[in-house]
Each structure stands twice: as C-alpha cells, then as structure tokens.
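See below for the structure under consideration.
The values are calculated or read from the model by the stated rules, or taken from the named source; none is laboratory data. Note that the coordinates shown come from a computational prediction; the quantities given were computed from them, not determined experimentally. Glycine also receives a Cβ, built like all others from the backbone with ideal geometry; neighbour counts cover every protein chain displayed.
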Amino acid sequence: MREIAFIKQNKEKWLEFEEVISNKIEKTPDEIAHLHIQIMNDLSYAQSFYPKSNVVPYLNKLAKSSYSKIYHTKKQSKNTFLSFFLETVPLLLFKHKKYMYISFAVFFTFFFIGLLSTFNDENFAREILGNSYVDHTLENIESGDALAIYKGGSTWGSFIGIFNNNLRVGLNMFLSGLFIGIGSGYYIMVNGIMVAVFQAFFYQHNSLVDSLLGIWIHGTYEIFAMIIEAGCGYIIGASILFPGALKRFESFKKGLREAFFIFLSTIPFTFAAAFLEGYVTRHYNRMPAFFCVLIILFCLVTISYYYLIFPYKVAKKQQAI
C-alpha cells in the first residue's frame, strides 16, 4: 500500500483519537484500549514500510498518548487489582508474545542439550548437580525414597525458604535483561540444562516415575514462571537494542515498565509453587498416583492458559469493541 493511501485510509481514526486524547470526545476505557491497539498496529506498519516518513513520529506520539491515557490517567476503581491481571498483563503479553516464545525456545533447546549430554557422559550429572547432591540422592534411591530430600525441615520453613529463593531467581532473570537480554538467556540456559540433567539422572537410576510425580507437583508453576521471567528480561534487552522511533532511553523506560508488570504477574505462581513444594511434594508417595497427576495437570493447564491463550482472548475482545 502506498503511503498516501495508508494515510487516507486511517486519517479519520487518527483525528478521532486526537479528540479523545484532548477530551473533546468521551470514550470508555475499553474503547480507548481498542483504539490504542489500532494505533500500535498502524505504527508498526508505518515503521516497516515508511520508516523515514513523518507519519512514524506522529503515530508514535499518538501511541505514547494513548498508553498514558490507558495506564496512567485512568480513574482508579475497586477492580484495579483484577484489571491488572485480567486486562493490563494479558494485553502486554500479547504485545510481547514473541519474547515469551523465544524464552520457551531457548529453555527447551538447552533442555534437550542437557538430556543428550547426560546420556552420553556418565559424569555430566555430577558436573551440573554436584557430587554431594548426586551421592545423597543415590542413597535415597537405594533406600526406596528417591525424593527424600524434599522431606527435610518444617513445612513452614521450607515454604518460606523456597519462596524466597525462587523469587530471587526470578528477579535475577528479570534484571539480567539490563545486559541487553544476554543475562536472562544465560539463566534460562542453565535452568534448562539442570532440569534435563535432573530428569535424565532419575531415569538412569530407574526412578523417573517418582521424579515426575513428585517434582512436577511444584515444578510446573516454578519452571513455567521462570521462563516467563526470562522473557521479561528479553523485553528489556530488546527495548535497549531496538528503540524504533523512540529515543533509546524512552524505549528502555517503557520496556522496563511493561516487563516489570509481566514479572509481577508471575509472583502468585511462584508463591503457589513454593507452597506446593513445602506442603504437598513431600507427601507425593503417600498419595494415589492419579491425584499427583491431577495436581500437575491442573497447574499446567492454568498457567498455560493464562500466559499462552488468555492474552489472545483479551486482545481479540479489545479489537472487537
């Protein structure tokens, strides 16, 4: 499409939004959000096909104004908390979905590398997990309780310690995005290899079923949340490397803010993972196997729906308004 045709096709919409921003026209928050998505789509199109045109800074200005209108000047209500998790975060996830997919791709790439390395090098597990952990786990397997390591300490103490550790790891993944995303990539690479080595190790010692039924009770939320947190780091890195029409510092501030909102959404899942590890995982071998599978499937479905499916539903709903 030629630039003149593009402008002519969308001019009325842009002028309408200018009036919304100047409060000459009243729109509901949902209608403003819908217009914001349209402006962002137009901006993306203009940046791709008319990068040197004056229409790019014009649309960028509209996009910044619409963002401010939605996220900063919108009146607070009793549903602000729900709105954050049910509207703000899903729309940001939809906007930055490619970075989430990249994070999953990196994790599973190094997961398979970890599997291959463990099966081809009998000492690889000791190099990754450490001699002390491997020897202790071998003793537990021989005694008939492969996951005895998860039963030590009090439930409350384990829960608090695990939550604190996982929150710190997630924060490291998020903040490592400041190093143009390389740090986040490193952390997710290490975790992908460790998870693979862990599972391969139990498989090699005929305890795979125990590890799957026990570890993934809490590991589903824990690992999934870490992948999303690494994706937040990629958003920060991309905002530095690819500022687009924005000044680099403005792009960085915007990327950091949006990534932080998504990071905040992982905290409830991290909390739930710590609770499950502290209170439920230690009892996995006392529960029927189907109940363990039920918990794992519930965790997988809920977190997958929120981060991979729900954002599309919210975006589609906004576009239909």
Kindly provide the set of residues from region 157-208 that are outside any helix (DSSP H, G or I) and aliphatic (A, V, I, L, M), ordered by number.
180
Residues located in region 80-108, provided they are among the β-branched types (Val, Ile, Thr) and surrounded by 14 or more Cβ atoms within 10 Å (Cβ to Cβ):
88, 89, 102, 106
For helices (runs of 4 or more DSSP H) lying entirely in region 84-152, having 1 or more residues that are within 18 Å of residue 303 (Cβ to Cβ) picks out 89-95, 97-120
With the checklist (1) modelled with pLDDT under 80; (2) in a loop (DSSP other than H, G, I, E, B); (3) among the small types (Gly, Ala, Ser) in hand, flag the one item residue 53 doesn't pass.
(1)
Being under 17 Å from the mean Cα position of the chain (by Cα), exposed (fewer than 14 other Cβ atoms within 10 Å of the Cβ) and among the small types (Gly, Ala, Ser) is the requirement here; does residue 304 meet it?
yes
For residue 265, all conditions in the list (1) over 26 Å from residue 137 (Cβ atoms); (2) at pLDDT below 95; (3) among the polar types (S, T, N, Q) hold save one; what is the number of the exception?
(2)
Could you give me the residue pairs with C-beta distances under 7 Å whose first residue belongs to region 258-275 and is closer than 12 Å to residue 170 by Cβ, whose second residue is surrounded by fewer than 16 Cβ atoms within 10 Å (Cβ to Cβ) wherever it lies, and which are 6+ apart or on separate chains?
265/85
Out of (1) of a type in the set (Ser, Thr, Tyr); (2) crowded, with 20+ Cβ neighbours inside 10 Å; (3) closer than 16 Å to residue 275 by Cβ, the one residue 239 does not meet is (3)
Result of the Cβ filter at 7 Å on region 129-147, keeping first residues that are within 18 Å of residue 213 (Cβ to Cβ) and partners that are not in a helix (DSSP H, G or I), at least 6 apart or interchain, is 140/146; 141/205; 141/207; 146/207
Under the condition of being of a type in the set (A, V, I, L, M, F, W, C) and farther than 18 Å from residue 187 by Cα, which residue from region 109-124 is nearest to the chain's Cα centre (by Cα)?
116
